[in-house]
Amino acid sequence: MKYVPHEYQKYAEEFILQHPACGLMLDMGLGKTIITLSVVWLLLFDYFEVLKVLVIAPLRVAQDAWSKECEKWESLNRLRISKILGSEKERRMALVRKAGIYIVNRENVEWLCSNYKFDFDMIVIDELSSFKSPTAKRFKALRKVRPKQKG
């Protein structure tokens, strides 16, 4: 299917490009995932500003939503996804696969930050509310690697 963004989606894409550290607050069903993936595609293949993107999402979203969006839209056919899910062995294998986007569930963020050379250029947090507590282990782990990010 061909992605023809609405005006608000174009605005959101441009906003993300101009503000590397930002949040996208849109209601459910308004295309946050396709907006984000379109920007990721631009940053990977047009602007060459990022090489590796980490998406942190709830488990069910990490398993299906992001890869289904990539399959759905023909403009995203070059995006390669590696899912850092499952057993520790499966997660380690996913980290060595060549991809532009790596998806991890939020329960494995602490493991990832502690056991992996954090070389992601961009982090996308799907469902930011799961990082609202600064005392949570995942919040603390992500805060330690945040200075390595460009935006």
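Just so you know, all these numbers are worked out from the coordinates, no wet-lab data involved. These numbers come from a predicted model, not from an experiment. Because the Cβ atoms are built from the backbone with ideal geometry, glycine has one as well, and the counts that use them run over all protein chains shown.
How high is the relative contact order of the range 7-148? Use alpha-carbon pairs under 8 Å, at least six apart in sequence, and give a whole percent.
Here the relative contact order equals 24 percent.
Got a sec? Which residues in the range 31-54 would a label at residue 6 touch, if it sits 7 Å along Cα→Cβ and we count backbone N under 16 Å?
Of the residues in the range 31-54, 31-36 have backbone N under 16 Å from the label point off residue 6.
Could you tell me the distance between the Cα centroids of the range 91-109 and the range 39-55, to the nearest Å?
If we compute the Cα centre of each part, the gap is 16 Å.
Are there GluC sites (Glu not before Pro) in the range 20-125 that DSSP marks as loop and that have at most 15 other Cβ atoms within 10 Å, and which are they? Numbers along the way, then the final one.
Details: sites: 49, 69, 71, 74, 88, 90, 107, 110; in loops: 49.
Loop-located and lightly packed - 49.
May I ask for the longest run of the chain untouched by chymotrypsin sites (Phe, Trp or Tyr not before Pro) that are loop-located per DSSP and have at most 15 neighbouring C-beta atoms (other than their own) within 10 Å? Each step should come with its number before you reach the end.
Details: sites that count: 47, 48.
No qualifying site falls inside 49-151, the longest such stretch.
Restricting to DSSP loop positions (anything but H, G, I, E, B) with no more than 13 other Cβ atoms inside 10 Å of their own Cβ, which trypsin sites (Lys or Arg not before Pro) remain in the range 105-151?
Sites meeting the loop and neighbour criteria: 117, 132, 150.
Test of understanding: in a Gaussian network model of the chain with alpha carbons linked when under 10 Å, which of 99, 21, 12 would top the mean-square fluctuation ranking?
Sorting by GNM fluctuation, first place goes to 21.
Which distance in nm do the two modelled labels at residue 128 and residue 143 give, with both placed 7 Å along the Cα-to-Cβ direction?
1.7
Trypsin sites (Lys or Arg not before Pro), restricted to the range 5-94: which are DSSP loop and have at most 10 other Cβ atoms within 10 Å?
78
Below 17 Å Cα-Cα, how many Lys pairs turn up in the range 75-148? Only count pairs eight or more apart in sequence, or on different chains, if you could.
Summing the qualifying lysine pairs gives 11.
Specify the residue with the greatest mean-square fluctuation among 134, 58, 20, computed from a Gaussian network of the chain linking alpha-carbon atoms under 10 Å apart.
Ranking 134, 58, 20 by mean-square fluctuation puts 134 first.
Going by the alpha-carbon gyration tensor, a ≥ b ≥ c the square roots of its eigenvalues, is the chain rounded (a/c under 1.5) or, if a/c is not under 1.5, prolate (a/b greater than b/c) versus oblate?
Prolate shape, in that a/c is at least 1.5 and a/b is the bigger ratio.
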